[in-house]
Every structure is written in C-alpha cells, then in structure tokens.
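Trainee: Here it is, the structure in full.
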Amino acid sequence: MKIPPSDLFAPLVLDAAFNTDRDQLDGSLTPLKDTGKAFGAQDFLGIPFILGQQGADNVVLLDKDPVTLDAGSAQASYILFLHRVEDRPTKYQEGFAEGAQDGNQLGDHVADYALHYQNGETASVPMLRRFTIQQSHIGWGASAFAAMPAMKPVVFLTNTENNRLGNKGHDYGRGETRHGSPRDSMGEKLWIYALPNPHPDQPIAQITCTPQTERALIYAVTLTQLDEHPLRPGVRRKMRLTLPEGVELNGIYELDDIDIDLGTVISSRAVLDYDPQAWASNAADVQPTRLEREVVIDYSAHPKAKLYIATGDADYQVYDLPGSNGAMEVAPAHRPVILKIVDKASGQPVAARLHLHGQSGEYLPPKGYHRKVNANWFEDNYGEFIAGQNQYCYVPGECVADLPLGEVFIHISRGYEIQPIRSSFTVTPDTDELTFELEHVLDWRSRGWVTADTHVHFLSPTTARLEGEGEGVNVVNLLASQWGEMFSNVSDFDGQTTIGAKELGGNGEFLVRVGTENRMQVLGHISLLGYSGAMIHPLCTGGPSESAVGDPQELTMAEWAEQCIRQNGLVVMPHAPNPHSANAPPISSWAWSTPSK
C-alpha cells in the first residue's frame with residue numbers, strides 16, 4: 001500500500017549543487033548493495049525528498065571543497081539531510097578482533113553544515129561520525145545516535161499466519177520476531193539527520209557544507225516548520241476506530257491495507273468486546289465478542305502524522321492520530337505496576353496463570369511476554385496460553401506490567417483447588433504495586449492426591465515447571481519425541497533428573513521429569529514416563545509422519561513398554577488408532593509386569 005508523504009515538509013531541489021554521479025562511486029563510497037537505488041521525488045520515513053536523476057550528477061560529494069546549497073530564503077524549524085559518510089573499518093588494538101567492519105568508529109569530524117541567514121548571521125553544526133551521520137556498512141548495535149535510518153521498521157506476520165493468508169512469509173524464527181530493523185531494509189543504507197535551526201524565524205539563504213576529515217555524500221535536503229522534532233515518533237500507542245464501508249478484515253481478523261505517513265502501524269486487530277457484568281460473574285468461562293467492524297490499532301507515530309486506510313485501488317480514508325472520522329484514543333499502557341500473586345494463608349508468592357485487558361479489550365501482557373500469544377503447533381514454546389480468545393501468561397508470583405490509567409480487567413487462576421480471581425481494578429498515577437491473594441478452597445493434596453500431566457511437548461523443562469505450578473499440576477511429564485526429521489526435547493533427557501525435587505533445590509511439590517513419547521503410524525503412540533538410564537530408541541518407527549521416510553518398522557509397542565518397565569518407568573497409552581484391538585496384546589504383556597526394585 002503506497003500512501004502520499006507528509007505535506008508538512010518542503011524538499012529542496014539540489015540539481016545545481018550535485019557534483020557526482022552515484023553510479024561512478026567506488027571504494028569506500030560504494031553502496032553495500034547495488035540494488036534499490038532511488039532517484040527523483042521520493043519519501044523516506046514518510047518525509048518527501050527530491051533526489052538527483054539517474055545518468056547525471058545526482059549527489060553532493062563532500063571531499064575537498066565546500067559545497068553551497070540554495071535554501072530559497074525559506075524558514076524552517078528543522079533542516080533534514082539525507083546523507084552518509086564513507087565506509088571505514090573499525091580498528092581495534094592490533095591482534096584483537098582484527099578485520100571487524102561494523103561501523104562502530106565514532107566521533108570523527110566529518111563535515112560542517114552552516115546555515116546562512118538573509119540577515120547575514122551564520123550558524124554552523126559539526127557532523128560527527130555515528131552521531132549525526134553514519135556509514136552504510138554497519139553491524140548490529142552500530143546505528144547513529146542522532147540520525148535515523150532512512151527506512152521505517154518492517155512489521156510482518158508470523159510464518160503460520162502468512163501461510164493461512166496465502167502469502168509468502170519469513171522463515172519461522174524470523175517470523176517470530178514480527179519486525180525487522182529499518183537499517184537492514186534498503187539497498188543504499190542512508191541516514192536522516194534533523195538539524196535544529198537555532199533561528200527558525202530567520203529566512204535561510206544558503207547552506208554551506210564543508211568537508212573535514214572524511215568524505216561524505218548528501219543525497220537530498222528537506223525543510224519543515226514542525227514544532228516537534230520530526231524524527232521522534234514516540235512510544236507505542238493505541239487507537240480504536242470503526243472501519244470505513246467496504247473495508248474488511250483478513251482471514252486472521254486483522255486489517256491489511258493500513259499505513260501511517262510519519263510512523264509505523266504495528267498491528268490492527270479486531271476489537272474484543274467483553275461484557276463487564278459477565279466478567280464479574282461466577283461463570284466458568286467468559287469470552288469476548290469479536291467486533292469485525294472495529295479495530296484496535298497499535299502504532300508509533302509523530303503527533304502530526306496521518307493514518308490511511310485503503311477504501312479502493314487509489315482511494316483512502318484519512319485520519320488524524322487520533323481525532324477525525326471517529327478515531328478514538330485508547331488509554332496508553334505506560335504505567336509500570338508490580339503485580340504480586342500470593343497464597344492467602346501463608347503470604348508466600350505462588351505461580352499462576354494471568355490475563356489482563358483494558359477497556360477496549362486489548363490484551364495487556366506483563367514485561368517479557370508477547371502482545372499476541374502464538375497458539376500454533378511447535379510455535380507456542382513460551383510460558384503462555386490461549387483459551388478461546390483469552391490470552392494468558394504464566395508468572396512466578398510477581399511480574400511488572402505496563403498498564404493504562406483507569407479500569408483494568410484481570411483473571412488469575414491456579415488449578416482446580418484454588419478459587420480463581422476474575423475482577424477489575426483501577427490504575428491511578430500513584431499506583432505502583434498491587435497484591436492479589438489466592439485462596440485454597442479444596443485440599444486434595446493434604447489427603448495424598450497428586451495432580452499430574454502425562455503428555456507435554458516442546459516446552460523447556462523450567463517453563464514446563466512454571467506452567468505446572470501455575471496450573472496446580474504437581475507432576476509434569478515432558479516428552480521427547482520424533483516428528484519425521486525433527487526431534488524435540490531430546491537433549492533435555494538425561495534419565496535421572498527430576499526438576500523441582502528437594503535434592504535439586506526445589507520444594508518437592510512441583511516436579512518435571514523428561515520421558516519419551518514413542519510413536520508408530522500403524523499401532524499408535526505410547527508414553528514412557530519417568531524411566532531411568534538411557535533413552536529408549538527408536539523414538540519413532542515405521543515411517544511418516546511419525547518417523548522419517550524410509551525408516552523400518554523396528555519393533556512392537558510391547559517391546560517399548562517392556563523396556564520402559566525394565567528401566568523402572570511407567571507406561572501410558574495416549575493415542576491409538578480405531579479400532580483399539582491392536583493394543584490388547586501389548587497391554588496384556590506389560591500390565592502384569594512389575595518394575596525391578
């Protein structure tokens with residue numbers, strides 16, 4: 001979706017000052033990639049610039065002599081330069097990290113940019129490497145301190161979400177990040193510096209750019225009279241609006257054709273409408289209604305930015321942020337609040353499953369948790385959970401959440417023996433800490449009962465323990481297995497460690513033991529729990545989708561079971577194809593077996 005640049009900027013035409021053709025650059029001034037070159041009228045970060053034309057002198061090379069730019073006697077609060085300095089390898093002490101070329105050198109006096117006013121006064125600003133200007137070839141953590149990459153951050157969906165929409169997505173791991181750095185998003189890696197004008201009321205006649213210790217390139221210059229700094233979009237905020245007629249959400253209930261000129265749309269998702277009365281009731285499960293004509297938009301943008309929603313091939317609905325056309329601000333979640341969850345009887349912190357949402361149904365995860373929980377197979381490897389449309393995280397008794405001022409809705413649960421909390425509370429500017437007490441209303445544990453989950457995959461052992469404690473599950477069996485050519489949790493198995501045991505520093509109440517789920521595609525799956533010694537192989541057999549193509553049928557279910565019993569384990573039959581008659585022989589073979597002492 002291509003939208004117009006902001007009309008709050010006036011680009012200069014620098015044709016008379018251009019002295020070099022970019023295609024003729026070489027050495028340390030050659031772009032890192034020879035793709036994506038832009039010419040003529042362009043916009044970067046939603047800001048309009050006029051670059052030179054291809055096949056002619058189209059950049060200002062600052063090498064030996066000063067270059068003067070005609071400013072047209074314009075007034076400006078900021079003068080924005082699209083520029084870069086030549087690449088130069090980082091030099092460390094001889095013999096240490098030699099050859100690193102990541103752009104970390106800083107402070108060299110690259111050039112001076114001097115503003116000449118019509119009244120004869122002059123104001124000059126030094127351009128320092130990695131402060132106001134930076135090179136193209138950089139590594140991570142080497143962005144400039146006072147200049148911005150000339151491209152916006154890239155926001156995208158996960159791999160599975162793209163597959164569901166029929167789009168080409170990123171690789172799985174990169175898709176999980178949901179964004180890409182702007183410094184990696186363009187062929188010619190350029191930087192924008194907004195030079196603050198010390199005399200914004202004085203017309204600027206000329207700008208003189210004087211090279212100093214290093215060569216640099218100026219691609220374009222634009223002016224603005226904005227009061228606010230033009231390159232500071234601010235922290236993430238939210239707005240809620242009703243979709244224009246004819247605009248529909250996509251297959252995952254998000255809005256595709258939406259953009260901001262001076263900012264970035266992070267997400268645009270259907271509003272989840274909760275009934276406050278139902279939330280305060282004793283109903284076992286309260287789910288929101290998804291409003292497919294209203295969205296909550298997460299964004300980061302300049303205060304004077306405009307939001308665009310496509311209503312046709314070249315038509316847009318334009319919104320201020322927020323303001324016009326029914327756009328409503330959602331209270332920003334900027335107040336950090338410590339949330340403590342404790343046992344009512346002892347006052348000790350306890351792990352629990354936690355959900356928070358604001359008045360527009362927006363999920364409010366604590367720090368360190370996802371704003372959108374990933375519920376897809378083999379992608380939900382975190383301490384998080386989704387029940388219907390309610391997103392949850394598992395917290396170890398205390399967390400910090402950035403919350404909006406006003407009413408916040410909360411749900412805390414910890415298994416069947418604990419009275420859950422589902423209520424709301426009010427956050428004020430003075431709210432620093434809140435404590436929630438969980439009451440034990442059933443006490444089967446004191447009667448000798450133990451809760452257990454015999455079938456868990458993909459989590460790390462420590463995450464499995466946190467989730468087990470948060471659900472009131474005393475014993476979690478985390479099962480290594482094989483899935484065609486993929487193996488899960490195999491390296492977590494050692495045949496001896498029970499995480500959470502007293503001898504390992506735990507309290508002995510919430511335990512995790514890694515076992516195996518051994519699978520075959522004809523007779524079903526078998527879970528081998530708590531056994532000691534070596535892992536029982538093969539994990540899977542007989543071919544896809546359990547084991548790999550070409551694998552033989554190496555053994556029977558009964559042989560797996562008997563080996564587990566010999567290693568002092570417990571056997572569980574989790575899955576079996578219909579009819580179940582094929583499982584009778586293995587059941588009879590190991591039901592009467594007694595583990596060796």
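The values are calculated or read from the model by the stated rules, or taken from the named source; none is laboratory data. None of the values given here were measured: they were computed from a predicted structure. Ideal geometry is used to build each Cβ from the backbone, glycine not excepted, and the neighbour counts take in all protein chains shown. Keep in mind that these areas ignore ligands, DNA and RNA; they rest on the heavy atoms of the full protein, side chains included. Shrake-Rupley method; radii C 1.70, N 1.55, O 1.52, S 1.80 Å.
Trainee: Of PHE385, PHE156, which has the most accessible area with a 1.4 Å probe, and how do the rest follow in descending order?
Mentor: The most accessible residue leads, giving PHE385, PHE156.
Trainee: Turning to a different aspect of this structure: How big is the dipole moment of the chain about its Cα centre under a simple scheme where the beta carbon of each Lys and Arg is +1, that of each Asp and Glu is -1, and everything else is neutral? Debye, nearest 20, please.
Mentor: 900
Trainee: Ordering SER346, SER28 by how much accessible area each has at a 1.4 Å probe, largest first, what is the list?
Mentor: Output order, biggest surface exposure first: SER346, SER28.
Trainee: Taking square-rooted eigenvalues a ≥ b ≥ c of the alpha carbon gyration tensor, is region 98-240 rounded, prolate or oblate, where a/c under 1.5 means rounded and, failing that, a/b exceeding b/c means prolate? Intermediate values should be presented prior to the final figure.
Mentor: On the way: a/c = 3.16, a/b = 1.70, b/c = 1.86.
In terms of gyration-tensor shape, oblate.
Trainee: Considering only protein heavy atoms and a probe of 1.4 Å, how much of the accessible area of the chain is carbon and sulfur, as a whole percent?
Mentor: Solvent-exposed carbon and sulfur of the chain make up 51 percent of the total.
Trainee: Continuing with the same structure: Which value in nm describes the separation of the simple spin-label points at PHE156 and GLU292, placed 7 Å from the Cα toward the beta carbon?
Mentor: So the two model labels end up 2.8 nm from each other.
Trainee: Which of (i) 232; (ii) 241; (iii) 155 is the computed volume of the Cα convex hull per residue in Å³ for the structure on display?
Mentor: After the calculation, the listed value that fits is (i).
Trainee: Which of VAL85, PHE458, ALA352 sits farthest toward the positive end of the charge dipole of the chain, with +1 on the Cβ of Lys and Arg and -1 on the Cβ of Asp and Glu?
Mentor: Most positive-ward Cα: ALA352.
Trainee: As an exercise, use a Förster radius of 45 Å and the Cβ-Cβ distance of THR177 and THR454 to find the FRET efficiency, rounded to the nearest 0.05. If you can, show how the numbers build up before the last one.
Mentor: On the way: r = 34 Å, r/R0 = 0.75.
Calculated transfer efficiency: 0.85.
Trainee: Right, here's the next one. So for each of 502-508, 557-563, 571-577, 329-335 I average, over its residues, the number of other beta carbons within 10 Å; can you give me the resulting order with the highest mean first?
Mentor: Going by the mean number of other Cβ atoms within 10 Å, highest first, we get 557-563, 329-335, 571-577, 502-508.
Trainee: Then there's this: Rounded, prolate or oblate: which fits region 352-475 when a ≥ b ≥ c are the square roots of the eigenvalues of the alpha-carbon gyration tensor, with rounded for a/c under 1.5 and prolate only if a/b beats b/c?
Mentor: Because a/c hits 1.5 or more and a/b fails to exceed b/c, region 352-475 counts as oblate.
Trainee: Okay, next question. What angle do you read, to the nearest 10 degrees and between 0 and 90, between the alpha-carbon axis of helix 557-566 and the longest principal axis of the chain?
Mentor: 80
Trainee: For LYS502, go through the lysines and keep the ones whose alpha-carbon is under 20 Å away, minus same-chain ones fewer than eight residues off.
Mentor: Result set, ordered by chain and number: empty.
Trainee: Describe numerically, in nm with one decimal, the distance between label points set 7 Å from Cα along Cα→Cβ at PHE378 and at THR242.
Mentor: 4.5
Trainee: Ok, one more. Could you state the angle between the C-alpha long axis of helix 461-470 and the longest principal axis of the C-alpha atoms of the chain, as a value from 0 to 90 degrees rounded to the nearest 10?
Mentor: Between helix and principal axis, roughly 80 degrees.
Trainee: Between HIS109 and ASN250, what's the calculated FRET efficiency when r is the beta-carbon distance and R0 is 51 Å? Round to 0.05. Kindly include the intermediate steps, with their values, before the conclusion.
Mentor: Details: r = 51 Å, r/R0 = 1.00.
Efficiency, rounded to the nearest 0.05: 0.50.
Trainee: Can you list the residues of region 373-400 with backbone N under 20 Å from a point 7 Å past the Cα of GLN348, pointing along Cα to Cβ?
Mentor: 395-399
Trainee: Considering only protein heavy atoms, what per residue accessible area in square angstrom results for the chain with a 1.4 angstrom probe?
Mentor: 47
Trainee: Can you pull the one-decimal nm distance between simple spin-label points at ARG88 and MET486, each 7 Å off the Cα toward Cβ?
Mentor: Going from the ARG88 label point to the MET486 one covers 4.8 nm.
Trainee: Mind checking the full-extension length gain between THR426 and THR122? Use 0.36 nm per residue of separation minus the Cα-Cα distance, one decimal, nm.
Mentor: This chain segment gains 104.0 nm when fully extended.
Trainee: Which links in LYS168/LYS367; LYS64/LYS152; LYS2/LYS306; LYS2/LYS37; LYS152/LYS238; LYS189/LYS367 stretch past 24 Å when you go from one Cα to the other?
Mentor: LYS168/LYS367; LYS64/LYS152; LYS189/LYS367
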